[in-house]
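Before any comments, here is the structure.
Here, each number is a calculation from the coordinates, and none is a lab measurement. Because the structure is predicted, anything quoted here is derived from the model rather than measured. Virtual Cβ from ideal backbone geometry, glycine too; neighbours counted across all protein chains shown.
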């Protein structure tokens, strides 16, 4: 790839330019201070070299002014770097609304990705140019890290919890996907490709695969197979809260707290139901930990998300069932 | 330090030097010294003399250094080609793990404190020995026991978790000897704690008359700060590794989410010690450099109090920055913000030290003896290591470079470029004191230059490699990264040669080197007031200190800036 010795990886996301700019600024600061110190040391070492064996230079105790200067000036510079770095970091953390959602599971030693429309890929991910994409990550075993150098983006996939990252690709092409957190024997084989496509080509790709069921539909089937439906009924008569209109809204808990019903909360409520019980319900639900794979959990989350809709807050608020978005 | 300048001599103009050259009237060295006072294995293994214990440590850490270094050789050989073709993936993973464990816990952490600190601190403060000589010997045995566990781990097949032991990989998934490796580190931790305790008590209670806190050599200040980290930090890593062992053997749910644990909790506990551990490695080296820069420019250090206090500042703030290893782990965004800010604060005292060393050279009398070459090399490499730390502390940039070769390059600049350059500089500087012999100066200078050049060729390409996106701990890698990897491996072979040379000529000099005088560098400091090698009691008479540290010229001529 590329001729000669490149100094930068390919830049293919909206973040890449911002990260590179900060990097270049830091390179400049480093070159300046590196050269300053090197020049001073070399100049002093030559100019004040020992000329006779018994030379005894006059002592210099120090200088409050200089000490203050080389405390405050570096302090000012690092504060600029700090704020700049934080600004980029917060932009990376804030997922733009309307982002296309993709679920990712790391497993020794492969990446499994699922599109909402049902396409599933291994060590591959197809995404369109120009659209924000949100990844929801987890791991089935140890910690992995989803790293795409061309996007300047990296996030750990941690077992037992969801993490998110987002990107917006700017250039069609194929880019490296690496696992960046050491995960055992074939860590360096846990690599893949991100294929960024023009929107039209991406639509063609989406409709091309023999997919059939969407992620939410797969989740709905699981919902019935696992008999979740016996308690979480849509008529509010079940032993568990009804799930229509819940996703994306705050939920009141038995403890008095309120929590946002997001992907992480739904996942937790399946594998560790007693952790945060909805107000007005008993902690009677058994755990489904180990009974559903991480991919299955993501399908269930997608299904419950599809029930979310724009209904008013709180369980039992939506009047009519299954609003398919 | 003990010789008072006569009142009648007045302020001399630069550069004439009124005090008579001490080398001319030096008394003959005593016939009995700490080395020849007794012979036989027993006289070494049961010694309570801090100087002999320092030499026992020297043997131990040198062995571990070359063991850890041999793994680095294999790692660099494997990475010459993109395919994983020299060793299997399992083997490669064990190689970098053992390299890390041995270099961090059995070389870098004990190297300067347990060898040079042990030898010099009592002499520098005019004491007969450390406060607890038998505890000192015990700490060496504990270190050796930990090392034995580690070598046992190696012989049984090694461990593959990375020196970081991240959970749940280490507790549940690894099929290697995690328990033995963890216990080895657990055990050796007690040797750190005992050494730290010993230093703190010694520095508090056993300073010679007249040796006030602000007259202490900066080497002693640096070890005082290091000892605080030893005592406060090491118990945390001990407990953390013990919990890993407990989860692995008894399946207590601490870290593995399947057992109800939290894998991120481990990272918090691990880095709470392991980040300050970086300062355990670099602070003593900074102390060495302060001694070298002053001696070889024959000048009081610029800003003594500031340099001394910056060591304490580093030790204290260093305890508050551990979360900067976890910006992409899923810790909260705001926690990341705080850790980033604190990481920038800890950079300031390091920068202050670099500026003060540089200013010390100004209007000094600079000579280019081998230890000074190492000191200048240290300043250069540490500056690069420190500046690249600013990259990693910048939140938005760290996301891209963390867990890549950029990090690998950065910490090698600090630990190898910094700590080992400081260690080698110190070994050369005090070699005449320790052995009573001089090493061949020409060879030593050549070796110093080779180490500097080889080091940069090895690790500078890794910064670029990291920014290009090559993840660390990769056994095989995409072809586009090959050129930089070959450069790095070529550099490593030069660096390896640079490390072998001192091994040869230093050992040679112990027998064939010319005899050293008590003060071959005309240096200040109590250690140069006693014979080379010193007698078992260190001094014939209790020294009394009447001047400030590094008083290379009479105070009357002091310039006030």
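Listed values, structure above:
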item: Relative contact order [Cα under 8 Å, 6+ residues apart], chain B, whole percent; result: 20
item: Enclosed volume per residue, in Å³, of the convex hull spanned by Cα atoms of chain A; result: 224
item: Rough spin-label spacing in nm, given labels placed 7 Å along Cα→Cβ, for residue B:156 and residue B:490; result: 4.3
item: All-pairs Cα distance distribution in region A:1-64, expressed in whole percent, bin size 5 Å; result: 3, 12, 11, 13, 14, 10, 8, 7, 6, 7, 6, 3, 1
item: Peptide-level mean, for B:376-389, of C-beta atoms on other protein chains within 10 Å; result: 3
item: Debye intensity ratio I(q)/I(0), log10, region B:318-385, q values 0.19 Å⁻¹ (C-alpha model); result: -0.80
item: Spin-label proximity, residue A:233 to region A:283-301 - amide N less than 20 Å from point 7 Å beyond Cα toward beta carbon; result: A:283-286
item: FRET efficiency, residue B:46 to residue B:500 (Cβ-Cβ, R0 35 Å, nearest 0.05); result: 0.60
item: Rg to Rh, two decimals, where region A:215-308 supplies the alpha carbon set and Rh follows Kirkwood; result: 0.92
item: Kirkwood Rh in Å, taken over region B:302-355 so that all alpha-carbon pairs contribute; result: 12.0
item: Hull volume in cubic angstrom per residue (convex hull over the Cα atoms of the protein assembly as shown); result: 166
item: Alpha-carbon spread of region A:1-147, three principal axes, descending order, Å; result: 83, 34, 33
item: Peptide-level mean, for A:183-196, of C-beta atoms on other protein chains within 10 Å; result: 5
item: Largest-first principal axis extents, alpha carbons of region B:47-541, Å; result: 66, 46, 44
item: Peptide A:63-71 - average C-beta neighbours from other chains (10 Å radius); result: 5
item: Ellipticity estimate at 222 nm from DSSP helix runs (n ≥ 4, -39,500 (n - 2.57)) divided over chain A, nearest 500; result: -11500 deg cm²/dmol
item: Kirkwood hydrodynamic radius of region A:257-313, from inverse mean 1/r over distinct Cα pairs, in Å; result: 12.2
item: Viscosity 1.002 mPa s, temperature 20 °C, Stokes-Einstein D of region B:270-333 from Kirkwood C-alpha radius, µm²/s; result: 158
